[in-house]
Amino acid sequence: MMAVDTTILTRKIQIFIDCDDKEKRNEYFNKLFEWQNIVYRGANLVLTHQYVQENLKDLIYLKTDVKVKLTDSSNDEDGILNTSRMNTTYRLLSSYFKGQIPTDILSKVNTSLIKNFQSDRLAYWKGQRSLRNYKKDMPIPFSSRSIKLSHDEQSRDFKLNLFKIPFRTYLGKDRTDKRVLLQRALIGQIKVCASSIKMVKGKIFLLLALEIPKKDHILNTHIIAEASLSVEHPISVAIDRDNYQIGTKEEFLYRRIAIQAARHRLQKASTYNKGGNGRKRKLKSLDHYQEKEKNYVDSRLHLYSRKLIDICIKSQAGTLLLVNQSNKEELAKEDEFLLRNWSYYGLIEKIKYKAKMAGINVIIE
């Protein structure tokens, strides 16, 4: 049987603690905040110890007879560890936090952090970047076996149980594919992978990772779509003799600047707003416009990248070439206006993500 080519899809779903008892609900909330605090502290611990272990042999000021072979001493006589390299930081987390947090969370923190470290280790060695610094709002990871999904009989939403904490989803007037994906995951059509929960300003979000088969499109790798990103037209595409333009400067850039101008006017006027509850009430309208700009940019970039991939599929282009992108990014860094207002990096990331889903190879020139 031929293996099915799959990809990991992540959906952000708002969830609530499904408990009517106020005291119990507060207890659950406190437990989640405590876990979040442990996760961020543990993440920084793991990364620090992995970095020290990686660079121990470069500490030239140590005695020459110090053994620096980072292997288990039971398997290698020159090894200086009493366990495997991956297990060292898990044992560290266990010694600090065992009994305060489910071990499944500690295990996922350890494995995900080591994976991130391995991907960045070359840049660390060359001195091209500093160690990542994880903050208090980082997500709480867990494995797929810890989440129990079920139907909510009284509504179209879903219930889930995570470490004996009951949750229910809030999908509202969902116009995306979240409800369909949850339904497919519930009946076993798609696989639930290691996921996480994130708390933002008192709200809880489930970052659900799902393994789904890639869509089977008829593509030809020899057909190349050449795409150019610019300010005048967010994306210009050329496939053989056909040319397409996606979006306009007026649609994206001017609209974004208009939102910024409105926010700036509110910022000036906020001095005269009624206080009442202090700073939060004075800046309420300002925060609304800040989110408005972020959401507008995100929705535009999703739309442009989606249209680009649809054009490639329709033309059966199996290769997508982003032309002169490196030069444009260097020029954008020198232009303060472009650097602030034109989201090159965000657009490229969305193009790469959607192209991977469709099976299109992306080359950045």
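For the range 301-318, enumerate the residues that are open to solvent by 50 Å² or more (accessible area, probe 1.4 Å) and either touching a Gly at 6+ places or on another chain (Cβ under 8 Å) or not acidic (Asp, Glu) (or both).
Those that are open to solvent by 50 Å² or more (accessible area, probe 1.4 Å) and either touching a Gly at 6+ places or on another chain (Cβ under 8 Å) or not acidic (Asp, Glu) (or both): 302, 303, 306, 307, 314, 316.
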- Restricting attention to the range 218-246, and to residues there that are assigned to a loop (DSSP other than H, G, I, E, B), in contact (Cβ under 8 Å) with a residue 24 or more places away in the chain and closer than 16 Å to residue 305 by Cβ, which single residue is most open to solvent (accessible area, probe 1.4 Å)? 230
- Message: Out of the residues in the range 247-279 meeting the condition of being open to solvent by 60 Å² or more (accessible area, probe 1.4 Å) and outside any helix (DSSP H, G or I), tell me which one is modelled with the lowest pLDDT.
- Response: 276
- Report, ordered by the first and then the second residue, all pairs with beta carbons closer than 8 Å, sequence separation of six or more or different chains, a first member in the range 297-324 that is within 11 Å of residue 347 (Cα to Cα), and a second member that is in a loop (DSSP other than H, G, I, E, B) and hydroxyl-bearing (Ser, Thr, Tyr). 297/343; 301/343
- Tell me which residues, restricted to the range 238-256, are of a type in the set (A, V, I, L, M, F, W, C) and either within 16 Å of residue 295 (Cβ to Cβ) or in contact with a strand residue (DSSP E or B) (Cβ under 9 Å, 6 or more places away or on another chain) (or both). 238, 239, 246, 252
- Query: Would you pick out the residues in the range 195-216 that are out of contact with any strand residue (DSSP E or B) (no Cβ under 6 Å at 6 or more places or on another chain) and not in a strand (DSSP E or B)?
  - Reply: 201, 202, 215, 216
- Item | Selection count, the range 173-192, where residues are surrounded by fewer than 16 Cβ atoms within 10 Å (Cβ to Cβ), within 23 Å of the chain's Cα centre (by Cα) and assigned to a loop (DSSP other than H, G, I, E, B) | 4
- Note on the structure: Only one of 292, 282 is open to solvent by 30 Å² or more (accessible area, probe 1.4 Å), touching a Gly at 6+ places or on another chain (Cβ under 7 Å) and at pLDDT below 85, namely 282
- What are the pairs, 6+ residues apart or on separate chains, where a residue within the range 91-111 that is within 15 Å of residue 134 (Cβ to Cβ) has its Cβ under 8 Å from a residue that is hydroxyl-bearing (Ser, Thr, Tyr) and open to solvent by 40 Å² or more (accessible area, probe 1.4 Å)? 106/90; 110/90
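The values are calculated or read from the model by the stated rules, or taken from the named source; none is laboratory data. Quick caveat: nothing in here was measured; it's all calculated off a predicted structure. Cβ atoms come from the backbone with ideal geometry, glycine included; neighbour counts cover every protein chain shown. Quick note on the areas: whole protein, heavy atoms, side chains included, nothing else; ligands and nucleic acids left out. Shrake-Rupley method; radii C 1.70, N 1.55, O 1.52, S 1.80 Å.
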